[in-house]
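To keep things clear, I will list the structure first and then write my remarks on it.
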């Protein structure tokens, strides 16, 4: 693969959408402010969107208006199957969203698979709500490998606007992990704790403390893979200044 294809896959100016501040930091991307388009190396662009499909779609539109030629959904996902562990990278072939399947761009996928050949390539499910335990995930295990909240809306936007799309998702919570209420209800739009509410949820449900500790360890393993993804991509030219 030549130098040009490493810096710009198929000559495309990439627009990266990242939902959480912790994901952005691990990737080496700006972690604030939410909604601002940041210029990166070789003309690529990045934005911190905040959580959820509506925020992701708004961020995607901002990137396309700023000149992005392809959209990337980059961040973490929850496992739907027991053979996935925290830190595993998924580069899905299709994103399932609102009863439709959106195909990933294979040129972009090949570019990142050359750097990360161990990545899993099955479907990614995208939902508007978080799946918080094994029971809620079980209904979807036959459909997809993992689940997130942003990639579907971005894939639909890219398809509607005629742009390539790819998701790069790292597993954070394993299929048997329980997401504590403090994480669901005690954080802001980009995942930073709102301390009074965060602590209140833990005081209200003390059994969630060990679950939170476990999830924190899984996030650390996911962050290692995100950092590897960011370092590999910086060599190819998406590094963004803070």
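Worth pointing out:
- Counting only residues that are free of Cβ contacts under 8 Å to residues at least 60 places away in the same chain, within 14 Å of residue 158 (Cβ to Cβ) and in contact with a strand residue (DSSP E or B) (Cβ under 6 Å, 6 or more places away or on another chain), the stretch 60-104 holds 6 of them.
- Scanning the stretch 13-27 for residues that are surrounded by fewer than 21 Cβ atoms within 10 Å (Cβ to Cβ) and part of a loop (DSSP other than H, G, I, E, B) gives a single hit, 13.
- Against the numbered list (1) out of contact with any strand residue (DSSP E or B) (no Cβ under 6 Å at 6 or more places or on another chain); (2) surrounded by fewer than 22 Cβ atoms within 10 Å (Cβ to Cβ), residue 175 comes up short only at (1).
- Check on residue 148, crowded, with 21+ Cβ neighbours inside 10 Å and within 20 Å of residue 23 (Cβ to Cβ): yes
Values in this text are rule-based calculations from the coordinates and carry no lab data. Predicted model, so just to flag it, every value in this text is computed and none were measured. Please note: Cβ atoms are built from the backbone with ideal geometry, for glycine as well, and neighbour counts cover all protein chains shown.
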